[in-house]
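Have a look at the structure below, then the notes.
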Amino acid sequence: MPLETVKLTASFKLDGLIPETLFSTYREILEELLNCAWEKGITGFERLKAEKYYELRARYPSLPSHYVYTACQMACSIYKSFRKLKRRGWRRPRSQSSRRRS
């Protein structure tokens with residue numbers, strides 16, 4: 001299987017200040033979940049959650065459980081979308097700056 005790069009992009013709308021460490025932690029969790037989904041071919045939320053949820057909850061006990069839960073949902077969504085686009089032979093542009101803005 002040839003190696004491919006999956007670029008993780010997500011936009012957040014926030015009111016107020018959120019610590020930067022929270023975003024970096026969430027990103028680490030999401031990257032680990034995406035790697036697991038990629039290596040094992042997991043596309044279902046329940047299966048990914050069963051595989052990694054308790055391990056991540058034990059590693060990050062100070063985070064609310066909802067963070068790990070939603071990271072599992074987001075990772076499944078990103079991986080499913082990637083597979084769908086790959087099957088169709090189309091992938092998203094590498095960066096938003098390359099698009100022409102009106």
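The values are calculated or read from the model by the stated rules, or taken from the named source; none is laboratory data. As the structure is a prediction and not an experimental result, all values here were calculated from the model. Every residue, glycine among them, receives a Cβ derived from its backbone with ideal geometry; neighbour counts consider all protein chains shown.
Looking across region 45-66, the residues that are touching a Lys or Arg at 6+ places or on another chain (Cβ under 9 Å) and not basic (Lys, Arg) come down to LEU48, GLU51, LEU63, SER65. Pairs are defined by a Cβ separation below 9 Å, a sequence spacing of at least 6 or placement on different chains, a first member in region 61-75 that is touching a residue at least 24 places away in the same chain (Cβ under 8 Å), and a second member that is surrounded by fewer than 15 Cβ atoms within 10 Å (Cβ to Cβ) and among the aliphatic types (A, V, I, L, M); the pairs so defined are LEU63/LEU22; TYR67/LEU22; MET74/ALA10. Within the option set GLU32, GLU51, GLU39, being of a type outside the set (Phe, Trp, Tyr), part of a helix (DSSP H, G or I), exposed (fewer than 12 other Cβ atoms within 10 Å of the Cβ) and at pLDDT 90 or above holds for one residue only, GLU39.
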